[in-house]
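Following: one structure in structure tokens, then a few remarks.
The values are calculated or read from the model by the stated rules, or taken from the named source; none is laboratory data. All values derive from a computational prediction rather than experimental measurement. Note: ideal-geometry Cβ built from the backbone for every residue, glycine included; neighbour counts use all protein chains shown.
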């Protein structure tokens, strides 16, 4: 309980008087001169409602590139992916809030990097109350939204999926879980904490965070970078 409380204190949002922007992001994946951001909202009534990560890149990069870079860089993030001829689809996305693995109700076994590719699936939930996970294919889906600018503005529905989404400097991508196929834009996010911040607060040690391979196995989430429709 104490550690969870400290983690909650680490997830401090910016003032409501100011729009959330790239300078508020603390966890960055990738390298390069261009910046993009990913906002994830599980619509699970938990606080904070949404988290944001940053992605740096040069040249051409897609929404799938950004999601994969974040999943494989942040040991707390897990993604369940389905792969098709048209590209990648997000099935499930999770966050290991209490930092002890992400066990799912369907017994998913996560790979070391947290990026699980398999078949479409439905209904798995996080076993531990603190963790966050959303999964859907026939009963719901991850709606996909886009925006742009140095600060987060209004969202619009993406017109392509993760694989077809071409990022630009100051791109914002939003993934918002839509159970029952009722999709809403992501809520205002707070910055996902970087491991160094947690260490500084005494919540984690590098021995805990240094490798996914030394954590409890992950469960399988699907990544479907879809907008108002599946991609």
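Inside region 84-110, can you point out the residues that are crowded, with 16+ Cβ neighbours inside 10 Å and closer than 23 Å to residue 158 by Cβ?
The answer is 87, 88, 89, 90, 91, 92, 93, 94, 95.
Look at residue 113 and say whether it is closer than 24 Å to residue 27 by Cα, surrounded by fewer than 21 Cβ atoms within 10 Å (Cβ to Cβ) and over 13 Å from the mean Cα position of the chain (by Cα). Can you show your working first?
Details: closer than 24 Å to residue 27 by Cα: yes; surrounded by fewer than 21 Cβ atoms within 10 Å (Cβ to Cβ): yes; over 13 Å from the mean Cα position of the chain (by Cα): yes.
Yes; evaluated as a whole, the condition is true for this residue.
Could you list, in sequence order, the residues of region 86-107 that are outside any loop (DSSP other than H, G, I, E, B), at pLDDT 95 or above and over 15 Å from the mean Cα position of the chain (by Cα)?
Once the filter is applied, which keeps residues that are outside any loop (DSSP other than H, G, I, E, B), at pLDDT 95 or above and over 15 Å from the mean Cα position of the chain (by Cα), region 86-107 yields only 104.
What is the one condition in (1) buried (at least 17 other Cβ atoms within 10 Å of the Cβ); (2) in contact with a strand residue (DSSP E or B) (Cβ under 7 Å, 6 or more places away or on another chain) that residue 169 does not satisfy?
Among (1) buried (at least 17 other Cβ atoms within 10 Å of the Cβ); (2) in contact with a strand residue (DSSP E or B) (Cβ under 7 Å, 6 or more places away or on another chain), the lone unmet condition for residue 169 is (1).
Do we find that residue 137 is surrounded by fewer than 23 Cβ atoms within 10 Å (Cβ to Cβ) and not in a loop (DSSP other than H, G, I, E, B) in this structure? Write out each step before concluding.
Values: surrounded by fewer than 23 Cβ atoms within 10 Å (Cβ to Cβ): yes; not in a loop (DSSP other than H, G, I, E, B): no.
No; evaluated as a whole, the condition is false for this residue.
Tell me which residues, restricted to region 119-130, are in contact (Cβ under 8 Å) with a residue 24 or more places away in the chain, assigned to a loop (DSSP other than H, G, I, E, B) and within 10 Å of residue 104 (Cα to Cα).
Taking region 119-130 as the starting set, the residues that turn out to be in contact (Cβ under 8 Å) with a residue 24 or more places away in the chain are 119-121, 124, 126-128, 130.
Restricting the remaining residues to those that are assigned to a loop (DSSP other than H, G, I, E, B) gives 119-121, 124, 127-128, 130.
Within region 119-130, 124, 127, 128 meet the criteria.
Please state which of the following conditions residue 110 fails to meet, knowing it meets all the rest: (1) out of contact with any strand residue (DSSP E or B) (no Cβ under 6 Å at 6 or more places or on another chain); (2) part of a loop (DSSP other than H, G, I, E, B); (3) over 15 Å from residue 176 (Cβ atoms).
Evaluating residue 110 over (1) out of contact with any strand residue (DSSP E or B) (no Cβ under 6 Å at 6 or more places or on another chain); (2) part of a loop (DSSP other than H, G, I, E, B); (3) over 15 Å from residue 176 (Cβ atoms) leaves (1) as the failure.
Taking the criterion of being modelled with pLDDT under 95, in contact with a helix residue (DSSP H, G or I) (Cβ under 6 Å, 6 or more places away or on another chain), in a loop (DSSP other than H, G, I, E, B) and over 20 Å from residue 37 (Cβ atoms), would at least one residue in region 190-204 satisfy it?
Scanning region 190-204, I find at least one residue that is modelled with pLDDT under 95, in contact with a helix residue (DSSP H, G or I) (Cβ under 6 Å, 6 or more places away or on another chain), in a loop (DSSP other than H, G, I, E, B) and over 20 Å from residue 37 (Cβ atoms), so the answer is yes.
Among the residues of region 68-83, is any out of contact with any strand residue (DSSP E or B) (no Cβ under 9 Å at 6 or more places or on another chain), at positive phi, in contact (Cβ under 8 Å) with a residue 60 or more places away in the chain and crowded, with 16+ Cβ neighbours inside 10 Å?
Among the residues of region 68-83, not one is out of contact with any strand residue (DSSP E or B) (no Cβ under 9 Å at 6 or more places or on another chain), at positive phi, in contact (Cβ under 8 Å) with a residue 60 or more places away in the chain and crowded, with 16+ Cβ neighbours inside 10 Å, which makes the answer no.
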